[in-house]
Every structure is written in C-alpha cells, then in structure tokens.
Amino acid sequence: MTDVFISYCRTDEEIANQLTAALQEAGISCWMDQQIPGGSTFADIVERELENADKVVVLWSKDSVHSSWVKDEAEVGRDQDKLIPLSIDGTLPPLGFRQIQSIDFTNWPLEQEPFARLKTVLDSPGNAGLTDTAPAMTPHLQKPAKRKSHLLAAIAGAALVLSGSAYVVTNGFPGMSEAVANEPISIAIMPFSVQGDVKQGDDQLGNGLAGALNDSLSHLSGIALTSNSATAQLSAGGMAMPDIGKQLDVGYFVEGELNLDDEETVLAVSLVDAATTRQIWREQYRGPRTSMPALAEQATDELARVMQTRLGVGTGVIASSSKVDPEAYEAYLRGLQYLLGDHVMENRRQAYNEFSRSIRLDPDFAPAHAGLGRALQKGIPAITEDLNQEEYDALKFRSIERALELDPGNLMARLTKQGFVFFDDAKPAAAIEALRQFVKEHPDYYYGQNQLAHYLAVMGEHDAALQHYREALRTDPLNRTNYQSYLLSLVSLGKYDDIRREALNCIDCTIASQAWISGVLWLTSDEQFPREMERLVDRYANLGVPDEELQAQRAIGIAMRSGLPSPTPLSQFPPSLLNMLILAEFSAFELALQMLDEVVPGSLWTGQLILLLDTPRSEWPAAVRADPRYHAKFDAGYIGGVIKERRKRGHTQNLPVFPVRRYKGT
C-alpha cells in the first residue's frame, strides 16, 4: 500500500514533484500519475492506486478547482475519510470540499511549518489532524489562469486515450462596443450512451467522453459545470431530465450518443434546455472506429463555439438582439459560430455567407458588417470565383468602414482596420505601434493581444510576441489558432523544455506533437536526441498514433542528425512544410524547392513565413535563396514591408538574396 496519492493538475506539476520528493525524503511513499507505464490503461491504474493509498493529498489551486479529474479523486478521498487538502495559491476548494480545513501551502517551501503540519496529519488516522469545518479563508489575489492544463484527458476505463482541442474565443466577438456582464451559465454534461458493436472496455467510453468534455470546457469563463460523478449517479437512477435539471440546479444539458461499428463510428452531441428539454443544437460526426479522437475533437470544437454564441459563455461582447431583425440576428450568430473556427477555411466561407445574409436582412446591423470584414481580412480564397481581387478588397474595406460608421467604438472593426495597415498598406511598424496602444487600453481583449503577438512574430520579434500570446491564452485558454502560433514562437526561440512541457501536458496533442517533433529534430543536443525521440515515440503511441508512422519519424530523425542517408526515399516524402525543411537538412534543395511550390502555390501566409524563416535549422545556401521559385513565395505586397522591417531589426536569416538566378544543384 502507498502512503500518499498525490492529486494535482498539470499546471501545478512542478510543485507536485517538489512535494513528492520532500515526502519521499521524509520516508513517506507517494504515487502520482507520472508513474503510469507506457501502454497501460490510464483510468484503471489511477483508480487502483487511489483505492490502495492510505491518504489522498489534493493540491487545490486556481486551475485544479476546475479539473473534473482532480475533483473526482478528491471525492474518493473525502468519501473514504482520507482526504488531505492543500491550498498552494490561496484558492478555496470547490463547493463540496470545504468541510475539511485546507493546509495553507502558499509559502512552501520558503516556510517549512506547512510541511511539518502535513507530516503530522499524515501520521494521524484518517484526516483527524484537520478540523471538521474549514474556517473562513481569504483567497490570495492572483491573475487569472494563464492556460488550461490539458483539454481532453484519458478516457476512463478505455484503452483509447482521447486527446484534442476545443477552439473557442472567449473574448472579443465582433459585437457592440460595451461589455455585457452575464451570470454564470450552469451546465451538466451527461454520460454519453454507447451502442452498436460494443467491445470489452467500450462501455466506459460514455463516461469518459463526458468527463473529457467537462475537463475541456471547465476553464471557459461564465460557465459552471456540474461534476461528472453527480450527473452519472442521477442518470443511472433513471430520473427524468427536467427533474435532474432541478436536482442539479442547471440550465442546460449536453447529451451524446456513440454508435460503434467496425466500418463507421457515429458520435452525436446535443445541447438541450434543461427546463423545457428543447434541443438548441445537435450535430453528428462520422468516421472509422480508429478516428474516435478526431471525432471527439471536432465535437468539442463545435460545442464550445455553439455555447459561446448561443449561451453567451465567456467574456466576449455579443450584440444585443433587441433592435435587430430576428432572422438577421440568427444569421449573425451562425456567422459568429463559424468565425470562431476560422482556422478551418470552410468555416471562413460559411461565416462570409451568414454575415452577408445578416446584412441583407438588416443593413444597419454594425456587428454583422464587422464580422464580414473580419472574415474577408482573414482570407477566403473560395469566394474569388464570385469576386475578382479588386471587388474582394473593396467589399472588405467597405464592410469595416460601414461598421465604424454605425458604431465607432466597435473593437473588432478597429482591429481589422489595423490589419489593413499591416497587409494592404504594407506598413507593419505602424500597425504594431497602433496595436500596442490598443492593448494598453483593452488588455483583456483576446483579439488585440493575439493580433499584436502575431504581427510581432512575423517581424521575427518572438520574445515580445510570447508575452502577448500568453496574455491571449490568459483570456482564452482554449484558442487553437493562438496556441499554435505560441508554440511556433517557442520553436523559433529554441525553448525546447517549454515545448516538451506543452506536449506532455497536451493543450492540443495534434498541434503540440508537431512542435515537439520540430523541437526534437532541431533543438536537442546529440546526447539528448535519442532519449527525447524515445519519449516522443512512447508518448504518441499511447495517444493512438500508428506505430509505423512513429518509427518512420524516428528513423528519419536519426538519419538526419547523424548525416546518414534517409531510410525513406526523399522523393516519397509527402508534401508539407515540415517535410520540406527536412529535405533541406538532407541537402536535397531541388526537391525542397519543388515541395515548397507544391505546398505554397502562391505567396507565403504569415504562419508559413515564420516557419520558413525562423525554424532554428541550418540556413539555406544563398544559391537556393536566389532561385526564382524561392523569390516567388515572397511576392505578396505585405511581405515587402515585412522584409524591410526584418532587415532593419537584424532578422535576416533565410531571406531571399539577389541577383535572382536558377538553382542548379540537386
């Protein structure tokens, strides 16, 4: 039997490790989830260790109070009279866990008295060393959480590990200029039903999906989620939904069904009004059985956007519907939903369609004009079939001008206008200076922090960009686009330890895996490389990445780092920017130029430009960078201003060189 089970969330991993080491040095055996061997079923081992431990020490913090997993572990400890709560930053335990006094660990290890008290309690039977009722405790003032610990955790009782992301903007809708304060929305995520070809262990997928969604959405501001154990208990009792809603005091339910089949898996998710059982939204996601993580990621992504636009979850500013045509307002909401997922090109096109419809129905609705201008400024190649470039640009400018004419304080319109300065006027320095002033005035406005961070990164100023990416993550911990850009800046700065930490904590396992691969390939020392490559392979094998893909990546990485020929013929590399960079590491520059043409048919987008210029690798030879195919990627009007500013700031690596002449190497 282990003396102590340590329960914590990933953002508190450092202090959890310190506490474990201190307790073990004092002769107290500890268990934490880092000790789970690769390939093991996560939930089964956690449950066994939780039951076997003599005490459960829970680290309460501003992040862990939102973690469904930590609360479930604390509930086991409380029900078995072995819960020992610690407050590591002054945060009160969540409701239901305040009957037992927390030990104040905010100043540990600088002060040793809390640790001495913890040892005394651990030596006592149960939690007898703590008072039955916690005295009033004044929380320490602190900034909001910088980021969420992990979005989708291991699914309880299943061999499948669900990992993914939810993309949702919790600040900065293209709405009115004054913020709207909302009461928290209470939501219960019910266990998903599992039907069809249910194999051994699959019956627990329903509870696991509900728990993963709960954990993923828990950091959205303006939301109050009911614990999974409470919903599971009432659901198992056969109580009617309106009665469950009254019992839990929630306004909305999230329901789901998972239909398993060898040929096709269907995941259906619904958002339901608890009082009336009216279905607000429902969507189905289809794919092969092996695509469950991707299906769950899609569902979480869209559910978060629906909750934001339909329920007002988050701190964003949504326009009032009081003086707007109802159909126009409905189209506006649909446009918002798509705009929040603008990392997907199809969503931008749909946002364009919905905002256009809203404007046709109510021409004086400023937020719809701002949304349309924002969607157009992000870029929608699909609609160029209907508009030539001149017409496209005219509509883009006219949309923002109209939004500001109707509402001069519209923040989204003001920001988009600075995008015109950066891209259309090719004056990046002027846009950045204006944005610096904007974020001083509106520090909690997500889009402002994100836009300034991105423009700084495009200039090669990644240190400054990180500060604003982190501020954007503070206001919206789940934003996928911002997180991807943040990781790209970490790679550009060579911050390998930070990249690995993000990948292990799985903010978004798909995005983080790419950053980790880049980090292992280019940022590790010769001594680190084999060890880190093994860790990467083990980690993503547990997340369901096919073994053959992982082994191929490892073999290519070893060959690249050691100067050996690639085990995979270079001509067979699938087209991607990462593979293009790897081809160049094998000195296959002609193939790299051909792949660059294939992956980027026209000029570079900003993210592609950062990856090409700032990935910490060997600089491409001048003869390659003089090739007209390389120069063609820098033809976009905005890039001229970027190159000029980069040269001024000393960021000249991998820029095109003159005179232009065809590369004649291999």
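Miscellaneous remarks
- Candidates Asp635, Asp614, Asp597 - the one that is more than 30 Å from Pro567 (Cα to Cα) and either of a type outside the set (A, V, I, L, M, F, W, C) or surrounded by 14 or more Cβ atoms within 10 Å (Cβ to Cβ) (or both): Asp635
- Selection of helices (runs of 4 or more DSSP H) fully inside region 366-475 by the criterion of at least 3 residues being touching a residue at least 60 places away in the same chain (Cβ under 8 Å) and within 22 Å of the chain's Cα centre (by Cα) returns 446-458, 462-475.
- Wholly enclosed helices (runs of 4 or more DSSP H) of region 484-590 bearing at least 3 residues over 30 Å from Gly341 (Cβ atoms) and of a type in the set (Gly, Ala, Ser): 547-562
- Restricting region 51-103 to residues that are more than 20 Å from Asp215 (Cβ to Cβ) and among the small types (Gly, Ala, Ser), the residue that is farthest from the chain's Cα centre (by Cα) is Ala53.
- Residue count for region 621-635, restricted to those that are of a type in the set (D, E, K, R), part of a helix (DSSP H, G or I) and either in contact with a helix residue (DSSP H, G or I) (Cβ under 6 Å, 6 or more places away or on another chain) or at pLDDT below 95 (or both): 1
- The strands (runs of 3 or more DSSP E) falling completely within region 220-291 that include 3 or more residues that are free of Cβ contacts under 8 Å to residues at least 24 places away in the same chain map to 265-273, 279-287.
- Which listed residue is modelled with pLDDT of 85 or more and of a type in the set (D, E, K, R), from Arg117, Arg147: Arg117
- Top-ranked residue in region 403-429 [being closer than 20 Å to Ser358 by Cβ and of a type in the set (S, T, N, Q); ranked as surrounded by the fewest Cβ atoms within 10 Å (Cβ to Cβ)]: Asn410
- Of the residues making up region 491-514, those that are over 23 Å from Ser221 (Cβ atoms), aliphatic (A, V, I, L, M) and crowded, with 24+ Cβ neighbours inside 10 Å are Val491, Ala503, Ala512.
The values are calculated or read from the model by the stated rules, or taken from the named source; none is laboratory data. Computed from a predicted structure; not experimentally measured. With ideal geometry, Cβ positions are generated from the backbone for all residues, glycine too; neighbour counts draw on all protein chains shown.
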